[in-house]
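Heads up: the structure comes next, in structure tokens.
The values are calculated or read from the model by the stated rules, or taken from the named source; none is laboratory data. This structure is a prediction, so every number in the text was calculated from the model and none was measured. Every residue, glycine as well, gets a Cβ built from its backbone with ideal geometry; the counts of neighbours run over all protein chains shown.
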Amino acid sequence: MARTQAADYEKRREAIVDKAAALFAKKGFLGTSISELAKACAMSKSLLYHYYGSKEEVLNAVMLSHIDQLVADVDAVVGQDLAANDKLEALIHAFMKHYVGAAARQKVLLNELENLPAEQREVVVAKQRLIIATVQQLVGEIFAGDSAAEARVRTMLIFGMINWTHTWFNEKGPVSADRLASMAVDLTLAAASKA
């Protein structure tokens, strides 16, 4: 007989994603067994499979939970009536806010993409490309004299500054995530004043 859906079904799915993000970030997707994930979630493997059909499905949920938030940040900022440099600043601040609050998810997104089935990977990659293209368009407007190749390089330098902060940034340290975002913006836009 099929198991009925609990009243807190979505809440439990989110809890699984939280635990999976932490485990996958610490041990890697391949290094984490479904038994370990079930144990971390304080449930049996069969109950875990009630919520997610496979470990890959859990990985996909971890990645989508993070990338969808970043896409929402893009949508929220791009829709505002702001100059390109102000949009870029708002985006970097929004991204850093979510990177800090979801360091494990960010690490999983950056390191485990190859472990997603091809169809799911294509969805995540399309969303990544949308984010990069949006930032590149803003960079192109700010640095109007740049070639498309230079705008791409500047864009990737921006992501290089912020994407890997999960490896070294301490949110409880003397520099806040907001201040870090401002520093990244300052470095980017300082070059614009010289261009």
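Laid out as a table, the results:
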| quantity | calculated |
| --- | --- |
| Criterion: within 23 Å of residue 116 (Cβ to Cβ), of a type in the set (A, V, I, L, M) and surrounded by fewer than 20 Cβ atoms within 10 Å (Cβ to Cβ) - qualifying residue of 34, 16 | 34 |
| Among (1) crowded, with 20+ Cβ neighbours inside 10 Å; (2) free of Cβ contacts under 8 Å to residues at least 60 places away in the same chain; (3) of a type in the set (A, V, I, L, M) - the single one residue 70 does not satisfy | (2) |
| Residue selected from the range 167-195 under the condition part of a loop (DSSP other than H, G, I, E, B) and small (Gly, Ala, Ser), by the criterion modelled with the lowest pLDDT | 195 |
| Boolean, residue 81 is surrounded by fewer than 15 Cβ atoms within 10 Å (Cβ to Cβ), closer than 30 Å to residue 183 by Cα and of a type in the set (Asp, Glu) | yes |
| Checklist (1) exposed (fewer than 15 other Cβ atoms within 10 Å of the Cβ); (2) part of a helix (DSSP H, G or I); (3) touching a residue at least 24 places away in the same chain (Cβ under 8 Å) applied to residue 10, failing item | (3) |
| Residues of the range 108-137 satisfying the condition of being in contact with a Lys or Arg (Cβ under 9 Å, 6 or more places away or on another chain) and either more than 17 Å from residue 157 (Cβ to Cβ) or among the acidic types (Asp, Glu) (or both) | 113, 114, 115 |
| Members of the range 38-53 that are under 16 Å from residue 18 (Cα atoms), within 26 Å of the chain's Cα centre (by Cα) and in a loop (DSSP other than H, G, I, E, B) | 41, 52 |
| Test set (1) touching a residue at least 60 places away in the same chain (Cβ under 8 Å); (2) outside any helix (DSSP H, G or I); (3) out of contact with any Leu (no Cβ under 8 Å at 6 or more places or on another chain); (4) surrounded by 12 or more Cβ atoms within 10 Å (Cβ to Cβ) - residue 29 fails condition number | (3) |
